[in-house]
Amino acid sequence: MRLYAKIKNEFNKFDQIMEVVSGEELSQSDLLNLIEGETEIKDCIFILDELILEKEVYIEAVKLKIETLKARLNRIESSRDSLRDVILAAMDKSGIKSLITPTSTITIKNTPPKVVVNDESKIPAKYFITQDPKLDKRLLANDLAEGGDIDGVVMSNGGITLQVKRT
C-alpha cells in the first residue's frame, strides 16, 4: 500500500475509534493502548518524522549549494568588473572614446557628480527622510504578559505547534 494511502487509512481507523469511544470515560493510557492496538498510527508518525528529517537534510544541502553559488557569482562579477576596469583604463589612456566590436559597442561616458557624505551629523534635518513608526510587538507582548492593559491590543489564545528535537 502506498505510504500516503496507508497513513490516510490509519487516520481513518483512528477517527472511527474516537467516534466509538466518544461517550465513554477512558483514561489517557487506556485510550492510547486502544489506539496502539487497533492502528499503526505510531508507525505512520515515525515514517512521517523520517521524511521530515530527510527534507531537513535536503534543505541544508540546498542552502549550502546556494551559498556556494552566491560565492561563485560574486567571484564572476568581480572578475567581470576587473575586465571592465582594464578596458576603461586602456581606452582612457589611448584616447579611444568609442569602439565597435563584433558583439558590442563600447563607449567611455562621463558620469554625473554624486554626493559624498563626510560627516552625517553636520547635515541639516531637512535632508533626512523620516520613517513611519513601526509597532514593537515584542514590547507589547511583554507589557501584556506583565498584566498591562493596552487599548487596541489583546493576546490570542495561542495554538498548538509540533516540536521536533533531533538528538
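The values are calculated or read from the model by the stated rules, or taken from the named source; none is laboratory data. As the structure is a computational prediction, the values presented were derived from the model and not from experiment. In this analysis, Cβ positions are derived from the backbone assuming ideal geometry, glycine residues included, and neighbour counts consider all displayed protein chains.
Name the single residue, out of those in the range 1-42 being surrounded by 13 or more Cβ atoms within 10 Å (Cβ to Cβ) and of a type in the set (D, E), that is farthest from R166 (Cα to Cα). Going through the qualifying residues, I end up with E38.
Residues in the range 79-112 that are of a type in the set (A, V, I, L, M, F, W, C) and assigned to a helix (DSSP H, G or I): L83, V86, I87, L88, A89, A90, M91.
Listed by first and then second residue, the pairs linking a residue in the range 43-62 that is within 16 Å of L162 (Cβ to Cβ) and among the β-branched types (V, I, T) to a residue that is modelled with pLDDT under 90 and loosely packed, with under 12 Cβ neighbours inside 10 Å, with Cβ atoms under 8 Å apart and 6 or more places separating them unless they lie on different chains, are I47/L3; I52/V164. Mind checking whether some residue in the range 20-29 is modelled with pLDDT of 85 or more and over 21 Å from the mean Cα position of the chain (by Cα)? Within the range 20-29, none of the residues are modelled with pLDDT of 85 or more and over 21 Å from the mean Cα position of the chain (by Cα).
Just one of the numbered conditions (1) surrounded by 10 or more Cβ atoms within 10 Å (Cβ to Cβ); (2) out of contact with any strand residue (DSSP E or B) (no Cβ under 9 Å at 6 or more places or on another chain); (3) not in a loop (DSSP other than H, G, I, E, B) is not true of G148: (3). For the range 2-36, what are the residues that are more than 19 Å from D49 (Cβ to Cβ) and in a loop (DSSP other than H, G, I, E, B)? Within the range 2-36, V21, S22, G23, E24, E25, L26, S27 qualify. Just one of the listed residues (N74, N118, N142, N110) is in contact with a Gly (Cβ under 9 Å, 6 or more places away or on another chain) and farther than 30 Å from F46 by Cα, and it is N142.
Looking only at residues of the range 68-123 that are under 39 Å from the mean Cα position of the chain (by Cα) and of a type in the set (G, A, S), we find that the one that is surrounded by the fewest Cβ atoms within 10 Å (Cβ to Cβ) is S121.
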